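The structure appears below as C-alpha cells.
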Amino acid sequence: MKDTLQVGMSATRCITIDKARTVDFLGEQLCVYSTPSLVFDFEVACREFLLDYCDAGEDSVGTSINMTHGGATLLGSVVDIQITVAAVEGRKISFQLVAREGAEEISRGEHGRFVIQVDKLRAKVAAKAALTASPALPCVA
C-alpha cells in the first residue's frame, strides 16, 4: 500500500437512482433508494478510492459499516456520495460517509476497509472451500 494515503482525503461520487437501486416491495408509488443499495454504493466508492493507493496485487475488503438512512430518495433522483478518510492504521482504513440528495442529507456513517494481498486471500478462501467441500450439514432452526 502506498504511503501517500492521508487522513482528510475525500472523494465524491454521483449516483442516479435507477430501478435496480430501489425497494420493490412497497409498490410503484414508493419506489425509493434501498438501504442495501446505499451500503453497496458507499462500499464501491471507498474501494474505488483506495485502488489508487494499492500496490500491484492489492485490493481492499469491507470490515464494518455503521450508518443511518433517512429520507425517501425517489427513482431518478441524484445522490452525492461523499467519503472522507478518517483514519489510516497500517492496512486498516476508516472512512466517514455522507450521502446527500441536493441539500438534504439522507445518510451519515462510518465504514472500515482493510487492504489485502489478493493472492493471500484467494489461498485462504480456497483452503476454506476445501474444508467445507464435505457433505453439507442441515440448518438448525
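Quick notes on this structure:
- Lone unmet requirement of (1) in a helix (DSSP H, G or I); (2) of a type in the set (A, V, I, L, M); (3) touching a residue at least 40 places away in the same chain (Cβ under 8 Å) for residue 15: (1)
- Listed by first and then second residue, the pairs linking a residue in region 73-87 that is touching a residue at least 12 places away in the same chain (Cβ under 8 Å) to a residue that is exposed (fewer than 14 other Cβ atoms within 10 Å of the Cβ) and of a type in the set (A, V, I, L, M, F, W, C), with Cβ atoms under 6 Å apart and 6 or more places separating them unless they lie on different chains, are 80/14; 85/7.
- Any hit, region 73-82, residues being modelled with pLDDT under 95, touching a Ser or Thr at 6+ places or on another chain (Cβ under 8 Å), more than 30 Å from residue 120 (Cβ to Cβ) and open to solvent by 70 Å² or more (accessible area, probe 1.4 Å): yes
So that you can scan it fast, the table gives a plain yes or no per residue for (1) open to solvent by 50 Å² or more (accessible area, probe 1.4 Å); (2) assigned to a helix (DSSP H, G or I):
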position: 7; (1), (2): yes, no
position: 11; (1), (2): no, no
position: 26; (1), (2): yes, no
position: 40; (1), (2): yes, yes
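The values are calculated or read from the model by the stated rules, or taken from the named source; none is laboratory data. Computed from a prediction, not measured in an experiment: that's the story for all the values here. A quick note on method: Cβ atoms are made from the backbone with ideal geometry, for glycine too, and the neighbour counts reach across all protein chains shown. Heads up: the accessible areas ignore ligands, DNA and RNA and are worked out on the full protein's heavy atoms, side chains in. Shrake-Rupley method; radii C 1.70, N 1.55, O 1.52, S 1.80 Å.
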